[in-house]
Amino acid sequence: MGIAETLKTQLSLDLRHLHHWVAIFFLVTVVFKLTQLIVKRRQWLRALEQFPGPPQHWLYGHVHEFKQDGTDLDKVVTWGETYPMAFQMWFGPFVSFLNIHHPDYVKTILSSTEPKDDLAYRFLIPWIGDGLLVSKGQKWFRHRRLLTPGFHYDVLKPYVKLMADSAKTMLDKWESHSGSKDAFELFEHVSLMTLDSIMKCAFSSNSNCQTEGGTNAYIKAVYELSDLVNLRFRVFPYHSEFIFHLSPHGFRFRKASKVAHSHTEEVIRKRKEALKDGKELGRMQAKRNLDFLDILLCARDEDQQGLSDEDIRAEVDTFMFEGHDTTASGISFTLYSLACNPEHQQICRDEVLHVLDGRDTMEWEDLSKIPYTTMCIKESLRLYPPVPGMSRKITKPMTFFDGRTVPEGCLVGTSVFGIHRNATVWENPHVFDPLRFLPENSSKRSPHAFVPFSAGPRNCIGQNFAMNELKVVVAQTLKRYHLIEDPTKKPKMLPRLILRSLNGIHLKIEPVELEP
């Protein structure tokens, strides 16, 4: 045998040995990782043994119980009837949440500054960045302090006219459906209207998204991103950045993120271009009321440090999404609730007509003059909370009012939907009854029984903006149209990042005939 053949044989043996050792290394790594996960699972089973929950599958946990067919939220409420206060839920074999659904439990977690969980919320970061919704610690505290002036009532006051104008555009479009025997899907209309409104109010930009033809690319991207974030949370292998990146769903996520980012980047770019003009800068500084983007660009802390370009984009992405999608959900389900309860709808209409006194649009001063309509809005937010759940990861052991304790690192999910339909807190919880929110009735309940905008230090910074828009749109809609339920098309509630309906939200409308 020649030297060349000997070397070739030796190389072949070496390669076989290398493959052998690589295989062993891979197997050892997998076994080690699996052992770590099994140990972690046992630790959490022990840690949460004080909180029994519904039977779980050894592999899927409780994921297979959620069919994505419009019954998932009802299932959580049913489990809550069996397991008072809180119960454990498993997503796959290794991820556990303590799901809480009682005000006394909610008070403990929401009164803290504990950060959002680092599992589900981290899937949002490639889309909306590390903004107020997901940031934590000093960064969250600093941003919250810098952005709070953007939601002062002096800033919100001129927004009411802009909201009213956007609502009028939508209601004008509805004329084509007025008096028809057929129901129409309203969520898409309302989403366009709230996007139009947020663009005008927060970014001083006329988008014309309600009047341009075709499907709005940004709204379509938001829908897809919401679905993909939910899918990624439910599919355990997708928790891996590597696997998700290589998957078709990861490709769709990146494509939709690009559409959303290009939308917000264009808004920021136009404002920065305008501010290069000295006259425009002077005009902006002379304005009595700055918009949200002005405040973002001009915000300075005590060291005169502003927000970085990355931080600005994250906050714009966050508020662009949160500021239009959550309000779209709240408005759509409120209109649906009033359609299903015509007696309450008429009381609201009479109240609105009295306040408007012949005018077509709501004004700032009118918002405090429609108490019954406001109670109906709150009752709809109770039954159909725009954000049906939220979660935190606790950084130190937490003891609840009944003495039960969870350790550091526990993921605590707050089921807003479950709290709002908890029969130990609300009498006849599935019945639409706005009188629950009479001051004398509200004073008897825990303030943490009704948390559509969360509560405590990490509550929704834009809740007054959202409530103002809800009042404006609902009032102007009731002035023009009777809302009629289509009993053949009841919405099938779907928990995404916000509350949606699997089959849309359908109504019939008829014009309101005003007496001369």
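Observations
- The chain - mean residue ellipticity at 222 nm from DSSP helices (-39,500 (n - 2.57) per run, n ≥ 4, rounded to 500): -17000 deg cm²/dmol
- For the residue pairs 220/272; 116/444; 181/489; 116/139, alpha carbon separations beyond 24 Å are given by 220/272; 116/444.
- Solvent-accessible surface of the chain, averaged per residue with a 1.4 angstrom probe and all protein chains in place: 48 square angstrom.
- Which listed pairs, of 255/393; 107/396; 168/258; 200/479; 173/471, have C-alpha distances above 28 Å, in listed order: 255/393; 168/258
- Its relative contact order, with pairs defined as Cα atoms under 8 Å and 6+ residues apart, puts the chain at 24 percent.
- Length available on full extension from residue 178 to residue 251: 0.36 nm per residue minus the Cα-Cα distance, which gives 22.1 nm.
- Gain on full extension, evaluated as 0.36 nm per residue between residue 74 and residue 38 minus their Cα-Cα distance, stands at 9.8 nm.
- Residue range of the chain that is longest and free of GluC sites (Glu not before Pro) which are both DSSP loop and sparsely packed (at most 15 other C-beta within 10 Å): 50-211
- Separation of alpha-carbon centers, the range 446-516 and the range 217-265, rounded to whole Å: 27
- Zone residues, the range 140-165, relative to residue 363, backbone N less than 15 Å from point 7 Å out along Cα-to-Cβ: 157-162, 164-165
- Note on residue 269/residue 152: beta-carbon distance plugged into 1/(1 + (r/R0)^6) with R0 of 25 Å gives a FRET efficiency of 0.40.
- Extension gain (nm, one decimal) between residue 111 and residue 58, 0.36 nm per residue minus Cα-Cα: 15.6 nm
- Residue 225 sits among other residues whose Cβ lies under 12 Å from its own Cβ, and their net charge, with Lys and Arg +1 and Asp and Glu -1, is +3.
- The antiparallel fraction among DSSP beta bridges confined to the chain stands at about 85%.
- Pair residue 242, residue 165: separation of 7 Å Cα→Cβ label points (nm): 5.3
- Loop-resident trypsin sites (Lys or Arg not before Pro) (DSSP state other than H, G, I, E or B) in the range 422-498 with no more than 14 further Cβ atoms inside 10 Å of their Cβ: 444, 445.
- Taking a sphere under 12 Å around the Cβ of residue 442 and counting the other residues whose Cβ falls inside, with K and R at +1 and D and E at -1, yields a net charge of +3.
- Cross-link partners of residue 67 among aspartates and glutamates (Cα-Cα below 19 Å; sequence separation of 8 or more within a chain): 224, 227
- Averaged over residues, the count of other Cβ atoms within 10 Å places the peptides 90-96, 167-173, 325-331 in the sequence 325-331, 90-96, 167-173, highest first.
- Between residue 119 and residue 276, the FRET efficiency from the beta-carbon distance, with R0 = 51 Å, is close to 0.75.
- The charge dipole of the range 425-516, taken about its Cα centre with unit charges on the Cβ of Lys, Arg, Asp and Glu (plus for the first two, minus for the last two), comes to roughly 500 debye.
The values are calculated or read from the model by the stated rules, or taken from the named source; none is laboratory data. Quick caveat, the model's predicted, so the values are computed rather than measured. Here Cβ is always computed from backbone atoms with ideal geometry, including for glycine, and neighbour counts include all displayed protein chains. Only protein heavy atoms, including side chains, enter the accessible area calculation; ligands, DNA and RNA are left aside. Shrake-Rupley method; radii C 1.70, N 1.55, O 1.52, S 1.80 Å.
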